[in-house]
Every structure is written in C-alpha cells, then in structure tokens.
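The values are calculated or read from the model by the stated rules, or taken from the named source; none is laboratory data. Computed from a prediction, not measured in an experiment: that's the story for all the values here. Quick reminder, even Gly has a Cβ in these numbers, built from the backbone with ideal geometry, and neighbours come from all protein chains shown. These accessible areas exclude ligands, DNA and RNA; they are computed on the full protein's heavy atoms, side chains included. Shrake-Rupley method; radii C 1.70, N 1.55, O 1.52, S 1.80 Å.
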Amino acid sequence: MAAGSAPIPITVLTGFLGSGKTTVLNRLLEDRALADTLILINEFGDIGIDHDLVAPLADDAVIEMASGCLCCTIRGDLARTLRDAPWRYARDGRPWFRRVVLETTGIADPLPILQTLIGDPAVTRHYQLDRVVTVVDAVHGLDTLTRQEEAWRQVAVADLFLITKSDVADNAVLDRLKKRLAAINPTAPRRMALHGDIEEGDALIASAPSLSGRLEALEDWPIDDHGHDHHHDVNRHGDHIRALSLTFETPIPGPLLDQWLEALLLLRGPDILRVKGIINLAETERPMVIHGVQHRFEAPILLPAWPSADRRTRLVFITRDLDAATLKASLAPFMEACA
C-alpha cells in the first residue's frame, strides 16, 4: 500500500457451523456488491468445500485458507496472507481490491483472530478492522448458544447480527433468540437475512474504515453503569458474558486512562473480551476512539470532531465473570492519585 493511503477495511464474517455464512456471501456476490472485495475463507479440516460453494467474481477473488483454524494454528498464515495479498493477487501488476471479507470457520473463537487484526504490525500497517458480522441461525441458535462456547464468543464480539432461517423458525423461538442476543450484546443491531438477502443489504460493505459501527453503537445504546438485564432464557449460559458500560462526565487525563487500562488488562485481560469507547481527553478538544480485544488494543484514533452533542466519555466492555462494581473499583486508585 502506498504511503499515505487509507487502510483497507476488513469485515470479519463469523457464525457457528450451519448458520448460513456462505449463503450470505453468495447472495452478495450475485449482486456484485463485493466486486472490489477480496474474500478469504477459512475451513477446518483436510478437505475444504466452502471455496467451491462460493461463486467468485474472478478466479482470484476468493482465497481459501484450509490448513487449519484461523483462531489457533494459522494465525501467522493469516497475517502473511494479508501482508502479501495486494501484490500476490494483483491484476495486471496492480492491487485491485478495496476491502476484505474474512469468513471464519464455524468453530472459530473470534478473539485470537481479532487480536491478530488489530495487534499484528504486519496487518495494521495496511488494514483496519471495520466490523464483526455474526450470522445466527434462528432455528438452532438458542441451543447452540447454550452448548457451544465458541458460539457465544462469536455473539459477544459482534458489531452486527445477521439472523438466518427466520422463515422456518417458530415465532416464539425467534423472539427468545432476539432477547438472548440483546442480553449478551446489546450494542449490536440485528438484520434479518432470508435466503441470503439481507435487510439493508450493504450490511457487510464499508466504503472506508469509518468506525461507523463502533460509534453508532455507543451513540444509540442507552448507557447505565449496571450492565444489562439477565432476565431472559432459562438456559443462562450467557450469564458469564456481560455487556458493561461506564460513563464519565468530566474529561479524563490521558496518562490516567493509560495506567488504568494497562493495570486492568494485566490483571483481568483474558476476561475483557472486547472494549469500545469514545473518550473525552483532558489534553485535547477532539474525541478519541479506542478499541481492544483482550490484551491487544488498536492504535487510538483522534476524530476531527465529536459525532454528537454528547461529550461524555463512554466505555463499553464485553466481559466474562466481571461486573461493573469491579471495573469501577479498579479505577478508584488512579482517580484518587489524580485528585
């Protein structure tokens, strides 16, 4: 990528086995909505078939990574593939794609993948994570969330849900699924995907890495300091995963924020699944956006202006076995030191 060029946005398309990810991709490809997009498909096992089920726009538009699961054995391969992709898959000697869609295997834990995308210098030099789209099966989704740890991790880190098979799902089951998704991850909007057709069909498409998904979630979610309501499905496997939020009315000194996050991640890093926030720093009038996955954080981004009149610092945490009181208590020593 040429110096000064905008980073290439990456959409991660995840969802448990059989949820319908490939159907969604095929429908978008038929509409040519992904005409300038490189599709990376990860399959787990010696024989991959998803690559053959996707109808590419060109022979080099869909790249199969079938040597293992992205979340464990081939994370280095992912970084190398992304690093080399603009030239390795060039057309007429020139890079051609303006975005990447990465479809994970259905059994993937998305957290290590996101860590690679936001924390590996070979990746962040050229790319920027735009959003995580999680496909959820309306018929089997509730049961899958109860039984499969990878499934609720995929739900916990989503920026957007695509709910498939709603036409054959019982309405009561579909309503329970929506409530369960909102309980685990209230910041992610939901779209229906019927036979691959998506409500607001540009859901996977980002013309530029705009941070829109993260900021819209922070703007639209009614923030409180108590996490979300867990009165939902009786099979409450998701109670270990909570969406928690903190707000601060006054600007925060940058060094204080750094010290707090460093200490928090050192002590509870594995339990901080994802962090998104818009920060009112004491040192500048411009808002700062942060985004982290467990121990890794993207480089913070200073926006040119506040997206709304609300200038509070807002931090949204997706956590495991961690409550808002513990989060606040972890900050107290640093606040006292700055008082």
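Ala309 fails exactly one of the following numbered conditions: (1) open to solvent by 30 Å² or more (accessible area, probe 1.4 Å); (2) aliphatic (A, V, I, L, M); (3) within 23 Å of the chain's Cα centre (by Cα). What is the number of that condition? Result: Ala309 passes all but (3). Do you know which of the residues in the range 139-166 that are outside any helix (DSSP H, G or I) and over 14 Å from the mean Cα position of the chain (by Cα) is surrounded by the most Cβ atoms within 10 Å (Cβ to Cβ)? Once the filter is applied, the top-ranked residue is Thr164.
Taking the range 1-108 as the region of interest, the helices (runs of 4 or more DSSP H) fully inside it that hold 1 or more residues being at pLDDT 80 or above are 21-30, 75-88. Entry remark, the range 167-202: residues being over 13 Å from the mean Cα position of the chain (by Cα) and either outside any helix (DSSP H, G or I) or free of Cβ contacts under 8 Å to residues at least 12 places away in the same chain (or both) number 19 in total. Looking only at residues in the range 306-339 that are among the hydrophobic types (A, V, I, L, M, F, W, C) and part of a loop (DSSP other than H, G, I, E, B), the one that is modelled with the lowest pLDDT is Ala339. Every condition in (1) in contact with a Leu (Cβ under 6 Å, 6 or more places away or on another chain); (2) free of Cβ contacts under 8 Å to residues at least 60 places away in the same chain; (3) not aromatic (Phe, Trp, Tyr) holds for Gly269 except the one numbered (1).
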